[in-house]
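One structure below.
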Amino acid sequence: MEGGAALYNPRTVEEVFKDFKGRRAAIVKALTTDVQEFYQQCDPEKENLCLYGLPNEEWEVNLPAEEVPPELPEPALGINFARDGLSEKEWLSLVAIHSDAWLLSVSFYFGSRFSFHKEERKRLFNMINDVPTIFEVVTGMAKAKDKSSAANQNGNKSKSNSKVRTSEGKSSKTMPPKEEDEGIDEDDEDDHGETLCGACGDSDGADEFWICCDLCEKWFHGKCVKITPARAEHIKQYKCPSCSNKRARA
């Protein structure tokens, strides 16, 4: 396997960034929408396996390149061995981190191979840095950052407006920022009390992934109800454990 050494060699900053985006999109797909297939392919009983993202936005799990040194930097080796030793969330996060490092190494390999000068390398890094990392996408941090930024811009809106519904009908949220204006009176603070997790009762975790039950409309930490951002993408209507049990008894 040549790590998706590709059918072409990008020679300009724009071409290298396009190559980066294609490989990144492929790995994000493997760790989110195709996560069940990816999980099954990473059998711990098999030999050392690697996750390759290809420039055409396709991914594959395969053995590492046999040639030494390989044509391109190689991704993390043996990701399948750690699969059953960690929770699914921890394992996917680990693969995401190593994949981020691999993408950077491939991009700057091209930069060195084609003698990018200082300004070109800086421009390439800035282009890459403007895109959320795979780790941020897989763990939900990218969405949390976006929502936190939007909440900061709309800090005067009531907390009810911090609820976000996607086109699929799922709900997720970031804890609204605390009001810092000195002129807010106590009555307003009482009207906008802290949101509490329906499972653990805590209100902390402003940067964590939250999900709302579509039946009782209570909010929950994703970790408390064992729902990851990747899994939430496939849920059209979320029912918390309590509401699910009620429907079962009915």
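Descriptive notes on the structure:
- Checked against (1) closer than 18 Å to Val28 by Cα; (2) not in a helix (DSSP H, G or I), Glu71 meets all criteria but (1).
- If the condition is being touching a Phe, Trp or Tyr at 6+ places or on another chain (Cβ under 7 Å) and under 16 Å from His98 (Cβ atoms), then region 28-59 contributes Ala30, Leu31, Leu51, Tyr52, Gly53, Trp59.
- Annotation note: of Ala206, Ala248, the sole residue that is assigned to a helix (DSSP H, G or I), at pLDDT 50 or above and aliphatic (A, V, I, L, M) is Ala248.
Residue by residue, here is whether (1) within 23 Å of the chain's Cα centre (by Cα); (2) open to solvent by less than 90 Å² (accessible area, probe 1.4 Å); (3) closer than 21 Å to His221 by Cβ; (4) at pLDDT 90 or above holds:
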residue	(1), (2), (3), (4)
Leu104	yes, yes, no, yes
Ser162	yes, yes, yes, no
Pro177	yes, yes, yes, no
Asp191	no, no, no, no
Leu196	no, no, yes, no
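- Where Pro10 falls short, out of the listed (1) in contact with a strand residue (DSSP E or B) (Cβ under 9 Å, 6 or more places away or on another chain); (2) of a type outside the set (A, V, I, L, M); (3) buried (at least 18 other Cβ atoms within 10 Å of the Cβ): (1)
- Filtered by the rule that a residue be farther than 15 Å from Asp84 by Cβ and either open to solvent by less than 10 Å² (accessible area, probe 1.4 Å) or among the aromatic types (Phe, Trp, Tyr) (or both), region 36-51 gives Cys50, Leu51.
- Those residues of region 71-96 which are buried (at least 18 other Cβ atoms within 10 Å of the Cβ) and among the acidic types (Asp, Glu), in sequence order: Glu74
- For region 37-45, the criterion of being more than 17 Å from Val137 (Cα to Cα), in contact with an Asp or Glu (Cβ under 6 Å, 6 or more places away or on another chain) and of a type outside the set (Ser, Thr, Tyr) is satisfied by at least one residue.
The values are calculated or read from the model by the stated rules, or taken from the named source; none is laboratory data. Quick caveat: nothing in here was measured; it's all calculated off a predicted structure. When we count neighbours, we look across all protein chains shown, and the Cβ atoms used for this are built from the backbone with ideal geometry, even at glycine. In case anyone asks, the SASA skips ligands and DNA or RNA and just uses the protein heavy atoms, side chains included. Shrake-Rupley method; radii C 1.70, N 1.55, O 1.52, S 1.80 Å.
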